[in-house]
Amino acid sequence: MTSQKYVMKNDRASSSLNIRHKFPNLAKAESDGMFCYHIQRRISCIISSYCHSIGISANTATFIDFCFAVGAALCFYLHYFFVGALFVQLFGLWSCVDGELARLSGKPSTLGDFYDTMVDRSAELIIVASLFLAFRALPPVAYWDLLMFAYMGAVFLITNSSEKFRSAYHRNYPKKTVEPLFSWICAGSDIRLLYLSIGAIWFAATGSAVVLSGLILIMTIALYINFIFRLWKILQLNKQGPS
């Protein structure tokens, strides 16, 4: 009887562990972007589960994540756009993996969270900068410099608003919940980098930068609208009090 109870207890523990390793238990239900939550997390949870089983740490995953970002930037700058787009998506997956490993290990750290955020922001900057330099050397897109300046300014505002919300309210900004439409257009780096990858692949396949410049223009306009909407939405959330 004792042996049977021990087996049943182990089975329950094993079942609980398997559930904990699966989507959506490792995701950030509110703050993840739509593409990240519905697509990337389903894949990253599998990667995280395997990495956890072989002892890869969250900090190591963050370093791997940054390497993919640097690889993407170099490929774009050297005009290897297909490979660059692949590295961008690998960066997106590993951007999820480091946090998931921290939660699986039960050892999330403030320092790890800080460097994870810094890697995410730095990665987007160097990837966009590489695209800016790559296309600046090609037949010019009208107002390319101004467009990229406006785009990065908008990215700064939207990302800074998220981080300031987190520091002020001690929780992640729930963009997936309160900004579902913007989450599919521009609110998260996951969707922005996806569209940039699509534009780069289109250029590699056709030689036309129209799609890339058009996507950047649309995202730039949407980001400024998103920022104004977010200021209003945070005011509403503040009136509601802590959730």
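State all residues of the stretch 187-214 that are buried (at least 20 other Cβ atoms within 10 Å of the Cβ), farther than 18 Å from ALA142 by Cβ, modelled with pLDDT under 95 and out of contact with any Gly (no Cβ under 7 Å at 6 or more places or on another chain); if no residue qualifies, say none.
Answer for the stretch 187-214, where residues must be buried (at least 20 other Cβ atoms within 10 Å of the Cβ), farther than 18 Å from ALA142 by Cβ, modelled with pLDDT under 95 and out of contact with any Gly (no Cβ under 7 Å at 6 or more places or on another chain): just SER189.
Could you please find all residues in the stretch 154-170 being surrounded by 13 or more Cβ atoms within 10 Å (Cβ to Cβ) and either free of Cβ contacts under 8 Å to residues at least 12 places away in the same chain or under 14 Å from ARG121 (Cα atoms) (or both)?
Those that are surrounded by 13 or more Cβ atoms within 10 Å (Cβ to Cβ) and either free of Cβ contacts under 8 Å to residues at least 12 places away in the same chain or under 14 Å from ARG121 (Cα atoms) (or both): ALA154, VAL155, PHE156, LEU157, ILE158, THR159, SER161, SER162, GLU163, ARG166.
Looking at VAL178, is it closer than 22 Å to GLY71 by Cβ and aliphatic (A, V, I, L, M)?
Answer is no for this residue.
Restricting attention to the stretch 91-114, which residues are among the aromatic types (Phe, Trp, Tyr) and over 14 Å from the mean Cα position of the chain (by Cα)? Outline the logic, then answer.
Narrowing the stretch 91-114 to residues among the aromatic types (Phe, Trp, Tyr): 91, 94, 114.
Listed by number, the list holds a single entry, PHE114.
Given the condition among the charged types (D, E, K, R), under 21 Å from GLN89 (Cα atoms) and assigned to a helix (DSSP H, G or I), answer yes or no: does some residue in the stretch 216-236 qualify?
Within the stretch 216-236 (the criterion being among the charged types (D, E, K, R), under 21 Å from GLN89 (Cα atoms) and assigned to a helix (DSSP H, G or I)), the answer is no, since none of the residues qualifies.
Tally the residues that are surrounded by fewer than 24 Cβ atoms within 10 Å (Cβ to Cβ) and of a type in the set (Gly, Ala, Ser), restricting the search to the stretch 59-98.
2
Search the stretch 27-41 for residues that are within 17 Å of ARG166 (Cβ to Cβ) and pair each with any residue that is part of a loop (DSSP other than H, G, I, E, B) when their beta-carbon atoms are under 6 Å apart and the residues are at least 6 apart or on different chains.
The qualifying pairs are GLU30/PRO174; SER31/ASN172; GLY33/GLY188.
The values are calculated or read from the model by the stated rules, or taken from the named source; none is laboratory data. All figures in this text were calculated on a predicted structure; none of them were measured in a lab. Cβ sites come from the backbone with ideal geometry, for glycine too, and all protein chains shown count toward neighbours.
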